[in-house]
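Here is the structure we will look at, set down as structure tokens.
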Amino acid sequence: MTLLGPALFIFAYFGSCAAQQNNPGATCPVSKDDTIQYWPFKRVYKLNDVVESVCAEGYKLRGSKFSQCYSYGWDPELPTCENTACEPPPKIPHGHLTAKLKISYRSGDKVSYECDSDYALEKMKNEAVCADTQWKQIPVCRRIGDICNPPPLVIHGDIIDLRRRVYRSGSVVVYKCPSYYKLQGNQRVKCENGVWDDPPICLEPCTAGEREMRANNIQLRWTEDKKLYSEHNDEVEFGCLNGFEPSPSAVFRVKCNRGELLYPKCIKRGSCLLSQETMEINSIFINRSTEIEQGETIVFKCNEGMVPENTLTATCQEKNIMYPKCIIQRIGEICNPPPLVIHGDITDLRRRVYRSGSVVEYKCPSYYKLQGNQRVKCENGVWDDPPICLEPCTTGEREMKANNIQLRWTDAWKVYSEHDDEVEFGCLYGYEPSPSAVFRIKCNRGELLYPKCIKRGSCLLSQETMERNSIFINRSTEIEQGETIVFKCNEGMVPENTLTATCQEKNIIYPKCITRRP
């Protein structure tokens, strides 16, 4: 047992009460030792007394600093004090101490050396120090004028001259690093009596790459380059891509640290970011990325040995998640009414309470697809995970007309399809598919990603090209053949030439905006 705080004192106090009743006159002895002192000092330590052990100067505590008196003795056992003194300092080749030897040396004591004639101290270091029974930083004597081996190798760097096999004492070499690598330390390194000065290091640059930025939904704020190199300690500033917003605690001005950039992260507008802290508090976890889109429903899991308090599902609504909670399993408890399911319900009437072992069956409306456990059981006060009712899709007249499409295999304007069913479209007469349009679409929980058809010969605006050229336009993306449009520059930018463009043979020559020059 170790005394760590008030809670443990309370535990120790009540734990010792029973012992006191059995042996109310118990006492605890302490050893007589000049190397250790006890506070507060007493002739006799009684039951429940706590002492602090302190070592004499030059000694180190081995064991617990605090101990308490119990009927069976000290708990934890009283510590001992170990001597930290050093043996007499060592002899060094071609050198000697500058003072007479002492009988003992305490931790922290220093001794000085000097070199014999024709020898000099390496890097002018003449002191050794006693540190916890060991001598550290012992000086070295080098023959004056000794030659050096080739200078030390430096990762990513080298000397500017050709390397030689040997260098005379007093020789100097100059190091260099590649482009964008930052040299830190001595650029000019000298050979002194057979030993080189400490060489420099070449600190790696950072590369802000397209792949890493796309993964975090960010872009460089002040440049259009796909790759930007920056030296160690330089700052790089990022911004969110169009349609995204900063995640909580994201920092967009980042320092390059030896080749590493801590990229900020942007999330889709309205999305939620999972809180690891809240999940730990609620004893839940989930194996997926931390970003949850607006309206998306996710299913958590309980930590080992825990059961759900209610449901384990949660939905991202307006950047907020109502996290479920898991609790310790209790045997034989009754259950509250079974969990509610959006769009669905149980086949029987709901009761106020259900015995452990009860089973209910869920159903979904027509065209809704049931996913998960149709039969859900109450086990020791907790229901199994309920199913979910996946929404069907409706192909409506308004949506199809807006995209200039029609159902391929039917003349009806409205068709229902279950989740995961495929719906096939085609273009209306006089229209053609827009680039990258996909006409065989899967129903996904009530949503269909409609393909788009455009008038024959029309152009479709490229959002990617407009972002790259720092331009935008507030209108629909479809431009008819021969139509001329006027773009605008992003804030802080100016036109490189004109801002007008015309759709010609399905192609637009996009204008470009550049950074305003002072």
* R0 of 35 Å, Cβ-Cβ distance residue 50-residue 103: FRET efficiency to nearest 0.05 -> 0.40
* To do: Report the one residue of 402, 388, 417 whose Cα lies farthest in the direction of the positive end of the charge dipole of the range 324-444 (charges on C-beta: Lys and Arg +1, Asp and Glu -1; origin at the Cα centre).
  => 388
* At most 14 other Cβ within 10 Å, DSSP loop - trypsin sites (Lys or Arg not before Pro), the range 83-143 -> 91, 100, 102, 106, 125
* **Pairwise FRET efficiency - residue 436 versus residue 320, Cβ, R0 = 30 Å, nearest 0.05** => 0.30
* To do: Could you state, as a whole-number percent, how many of the C-alpha pairs of the range 158-203 are farther apart than 14 Å?
  => 49 percent
* FRET efficiency for residue 506 and residue 122, using Cβ-Cβ distance with R0 set to 51 Å, rounded to 0.05 -> 0.10
* Asked: Which one of 264, 281, 303 has its Cα pushed farthest toward the positive end of the charge dipole of the range 264-306, where Lys and Arg give +1 and Asp and Glu give -1 at the Cβ?
  -> 264
* With the Cα gyration tensor of the chain giving a ≥ b ≥ c as the square roots of its eigenvalues, does the rule (a/c under 1.5 for rounded; else a/b larger than b/c for prolate; else oblate) give rounded, prolate or oblate? -> oblate
* To do: Obtain the radius of gyration and the Kirkwood radius of the range 393-454 from its C-alpha atoms and give Rg over Rh.
  => 0.93
* Asked: What is the Cα coordinate range of the range 206-268 on the first, second and third principal axes, sorted by size from largest, in whole angstrom?
  -> 31, 24, 18
* Structure fact -> About its Cα centre, the chain carries a charge dipole, from +1 on Lys and Arg Cβ atoms and -1 on Asp and Glu Cβ atoms, whose size in debye to the nearest 20 is 680 debye
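Among the listed pairs 452/512; 91/136; 265/488, give every one whose C-alpha distance is greater than 23 Å. Walk me through the numbers before you get to the answer.
Working: 452/512 27 Å; 91/136 13 Å; 265/488 28 Å.
Check vs 23 Å cut-off fails for 452/512; 265/488.
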* Please report the base-10 log of the normalised intensity I(q)/I(0) for the range 25-152, using a Debye sum with one equal scatterer per alpha carbon and no solvent, at each q in 0.14, 0.17, 0.21 (1/Å). => -0.72, -0.87, -1.10
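Note down the Stokes-Einstein diffusion coefficient of the range 279-378 in µm²/s, whole number, using a Kirkwood radius over alpha carbon pairs, 10 °C, and 1.306 mPa s.
Values: Rh = 15.3 Å.
Answer, rounded: 104 µm²/s.
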* To do: Show the residues, 5+ positions off or on another chain, whose built amide H is closer than 5 Å to the amide H of residue 58.
  => none
* Asked: Where in the range 89-111 does the label zone of residue 83 land, with the point 7 angstrom along Cα→C-beta and an amide N cut-off under 15 Å?
  -> 89, 102-107
* Sort 228, 449 so the one with the fewest other Cβ atoms within 10 Å of its own Cβ comes first. => 449, 228
* Structure fact -> Dipole check, the range 272-387, charges on Cβ (K,R +1; D,E -1), about Cα centroid: among 356, 313, 294 the Cα furthest to the positive pole belongs to 356
* Along Cα→Cβ, 7 Å out, is where each label goes; now give me the distance between the ones at residue 39 and residue 214 in nm to one decimal. => 6.5 nm
* Asked: Taking 0.36 nm per residue of separation and subtracting the Cα-Cα distance, what length does fully extending residue 164 through residue 468 add?
  -> 104.3 nm
* Among the aspartates and glutamates, which have Cα under 13 Å from the Cα of residue 301 when same-chain residues fewer than 8 positions away are ignored? -> 280, 309, 384, 385
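Read-outs throughout are calculated quantities, based only on the coordinates presented, and are distinct from any laboratory measurement. Small disclaimer: the values here were computed from a predicted structure and weren't measured. Ideal geometry is used to build each Cβ from the backbone, glycine not excepted, and the neighbour counts take in all protein chains shown.
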